[in-house]
Amino acid sequence: MNKTFVSITMLIATFGLIVLVPVTGQAMSIYSPANPYWNESHWVTLNKTIKVFKIRNIDPQVNSYKVATYTVKKGDHFKLFHSAINVAWGLDSGRFNTGHQYTFEVDQSENNHSWFEFGIH
């Protein structure tokens, strides 16, 4: 018997059957918070007038609270971030600069993206 065949047979018997499965990619929506695109903020132009909540960050996060509400006009430009952890949409530019102390949360649902368009227009 061939030595290679015996070696492969012993290897399979020792470690089990090796199965190769092809890997296929899956499309992910640009608006999904899991998309790596949202690892950083991006410039957007607002299509609608929206409300923005100023949230005081407290540890633990459940104790955070709203301290102010702002109205942002259609046509304004901001850096926007998308998160699945604390807030669905948040602003990170100008006077709405999210940081350690405050988060500026947009009053829109996670799946709603009709209120902005990418880029500065």
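When segment 60-94 is filtered for residues that are farther than 15 Å from Thr45 by Cβ, modelled with pLDDT of 90 or more and part of a loop (DSSP other than H, G, I, E, B), only Ser64 remains. Regarding segment 24-37, can at least one residue be identified that is touching a Ser or Thr at 6+ places or on another chain (Cβ under 7 Å), within 19 Å of Trp115 (Cβ to Cβ), modelled with pLDDT of 90 or more and not in a helix (DSSP H, G or I)? Taking every residue of segment 24-37 in turn, none turns out to be touching a Ser or Thr at 6+ places or on another chain (Cβ under 7 Å), within 19 Å of Trp115 (Cβ to Cβ), modelled with pLDDT of 90 or more and not in a helix (DSSP H, G or I). For Val6, the stated conditions hold: it is surrounded by 10 or more Cβ atoms within 10 Å (Cβ to Cβ), on the phi < 0 side of the Ramachandran plot, modelled with pLDDT under 95 and of a type in the set (A, V, I, L, M). Take segment 63-84 and flag every residue that is in contact (Cβ under 8 Å) with a residue 40 or more places away in the chain and within 17 Å of the chain's Cα centre (by Cα). Phe81, His82, Ser83, Ala84 - these are the residues of segment 63-84 that are in contact (Cβ under 8 Å) with a residue 40 or more places away in the chain and within 17 Å of the chain's Cα centre (by Cα).
A Cβ distance below 6 Å, combined with a sequence gap of six or more or placement on separate chains, defines the contacts here; from segment 30-41, residues that are closer than 15 Å to Asn86 by Cα reach residues that are surrounded by fewer than 14 Cβ atoms within 10 Å (Cβ to Cβ) and modelled with pLDDT under 90 in the pairs Pro33/Ala84. Listed by first and then second residue, the pairs with beta-carbon distance under 9 Å, at least 6 apart or on different chains, first residue in segment 102-121 and β-branched (Val, Ile, Thr), second outside any strand (DSSP E or B), are Thr103/Asn57; Thr103/Ser64; Thr103/Asn86; Thr103/Val87; Val106/Val87; Val106/Ala88; Val106/Trp115.
How many of the residues in segment 67-84 are closer than 14 Å to Phe96 by Cα, touching an Asp or Glu at 6+ places or on another chain (Cβ under 9 Å) and loosely packed, with under 13 Cβ neighbours inside 10 Å?
Selection size over segment 67-84: 1.
Would you mind stating whether Ile55 is assigned to a loop (DSSP other than H, G, I, E, B) and either within 13 Å of the chain's Cα centre (by Cα) or of a type in the set (A, V, I, L, M, F, W, C) (or both)? Judged against the criteria, Ile55 is not a match.
No other residue among Gly99, Gly94, Gly90 is over 11 Å from Tyr31 (Cα atoms), touching an Asp or Glu at 6+ places or on another chain (Cβ under 8 Å) and without any contact (Cβ under 8 Å) to a residue 24 or more places away in the chain apart from Gly90.
Could you go through segment 39-51 and let me know if any residue there is loosely packed, with under 11 Cβ neighbours inside 10 Å and not in a loop (DSSP other than H, G, I, E, B). Looking for residues that are loosely packed, with under 11 Cβ neighbours inside 10 Å and not in a loop (DSSP other than H, G, I, E, B), one finds at least one in segment 39-51, hence yes. Here is the figure for segment 95-106: residues that are assigned to a loop (DSSP other than H, G, I, E, B) and surrounded by fewer than 17 Cβ atoms within 10 Å (Cβ to Cβ) total 4.
The values are calculated or read from the model by the stated rules, or taken from the named source; none is laboratory data. None of the values given here were measured: they were computed from a predicted structure. No Cβ is skipped: glycine too gets one built from the backbone with ideal geometry, and neighbour counts run over all protein chains shown.
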